[in-house]
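Here the structure is laid out as structure tokens; the discussion comes afterwards.
The values are calculated or read from the model by the stated rules, or taken from the named source; none is laboratory data. Small disclaimer: the values here were computed from a predicted structure and weren't measured. Positions of Cβ are generated from backbone atoms using ideal geometry, with glycine treated the same way; all protein chains shown enter the neighbour counts.
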């Protein structure tokens with residue numbers, strides 16, 4: 001939906017993240033102009049915004065569990081802290097849940113699929129559930145990599 005309404009603004013003055021978006025500019029006045037244009041477009045197309053979830057003229061913010069700022073995109077430390085304290089899974093459901101949460105941040109983890117392979121193998125049909133030392137190592141490595149996650153730099 002946003003693609004159609006904001007097709008000429010995407011990547012020039014705004015980024016869209018599913019049903020969230022961020023308006024930007026290289027100066028305060030440019031950002032204000034871009035915001036004004038975006039709000040006018042919303043009004044013209046009768047697109048309703050959730051004002052309680054809206055934040056204006058901030059230097060950084062959380063979008064879909066990622067911290068966005070002028071330095072780039074990084075993981076939300078609060079979410080990572082919860083994951084880092086998890087004990088290793090003891091059931092298929094637990095593995096599925098852990099990989100789902102960690103997979104949300106896969107863009108920050110080099111070789112995510114390769115690292116998680118011992119655990120994803122346990123999700124395969126007819127695979128016996130043996131949480132081996134390889135699985136424990138994969139689990140620990142994923143947690144460690146999350147806490148060390150680099151900042152991804154947004155394109156110009």
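Only one of the listed residues (110, 93, 85) is more than 21 Å from the chain's Cα centre (by Cα) and either modelled with pLDDT of 80 or more or surrounded by 13 or more Cβ atoms within 10 Å (Cβ to Cβ) (or both). That residue is 93. Checked against the criterion of being in a helix (DSSP H, G or I) and touching a residue at least 12 places away in the same chain (Cβ under 8 Å), the candidates 99, 62, 123, 86 yield just one match: 99. Out of the residues in segment 126-139 meeting the condition of being in contact (Cβ under 8 Å) with a residue 24 or more places away in the chain and in a helix (DSSP H, G or I), tell me which one is nearest to residue 84 (Cα to Cα). Per the criteria, the residue is 139.
For segment 23-34, does any single residue satisfy the condition of being in a strand (DSSP E or B) and modelled with pLDDT under 80? Among the residues of segment 23-34, at least one is in a strand (DSSP E or B) and modelled with pLDDT under 80, which makes the answer yes.
From the list 80, 73, the lone residue that is part of a strand (DSSP E or B), closer than 24 Å to residue 148 by Cβ and at pLDDT below 85 is 73.
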